[in-house]
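To start, the structure itself, in structure tokens.
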Amino acid sequence: MNLLAFISSTDSDLLDAVIAACREFGGSVDALANWTVDPAWKSTTNAGLCRFERLHTFDAEQDADGWDLVAMGGAISVNRALTAEQAAQVLRHEIGHAIAEAHCPGAGHGLPWREAAAALGYEGGQYATEEECESIRRGNLATGAEKVVARCTGCDFEVTRARYGSRDWRRFAHTCPDGTVSPMANVGRQGPKV
């Protein structure tokens, strides 16, 4: 779905903030015309993702190398396991990337991104919060994307992963005087189907 159409249909205050942030960076909201959004993205690890794409045309008479940057676009994805409030914050974070990248290529999590994200009302940092991570983990367990792959023999502490892996299970920071963390017998070396 088109990013601007999605924002205008879900949050008019955010649309106003996006327009103001684009103007603050010396551009217009047209810089986001080629962006799409996937609000129901399935990821086992990320709260959100912003992928950039530069759209070029070839014109031999344009300049020495023949390529002309026509527009920039991309895709923003928000994990479907997040609550509505968390998803709104992640969307602001990712739109901040889109605005910063459109006006300052290579911005990453630098000052242009921080200013754009703050102008949109984003309240977090550059990484997902503990609550967002827990929502993603609960969503992964509910959909079967993660399985219990190891359990403590003494207190039933569980280790969950999307795949089995081949690491030493004693490396987990879990101390129990009555048991040790060991792999589950029913999860084979190939790991669970995801």
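Since every read-out is calculated from the coordinates, none of them should be taken as a lab result. Since the structure is predicted, the reported quantities are computational estimates derived from the model, not experimental observations. Cβ: placed from backbone, ideal geometry, glycine included. Neighbour counts: every protein chain shown.
Overview of results
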{"read-out": "Under 12 Å, Cβ to Cβ, from PRO112 - net charge with Lys/Arg +1 and Asp/Glu -1", "value": "-2"}
{"read-out": "Region 3-127 - share of DSSP beta bridges that are antiparallel (%, nearest 5)", "value": "65"}
{"read-out": "Radius ratio Rg over Rh of region 3-127, counting only Cα atoms, Kirkwood formula for Rh", "value": "1.01"}
{"read-out": "Point-charge dipole on Cβ atoms (K/R +1, D/E -1) for region 3-127, about Cα centre, debye to 20", "value": "560"}
{"read-out": "Unit charges at the beta carbon, dipole of region 3-127: most positive-side option, ALA47, PRO105, GLY121", "value": "ALA47"}
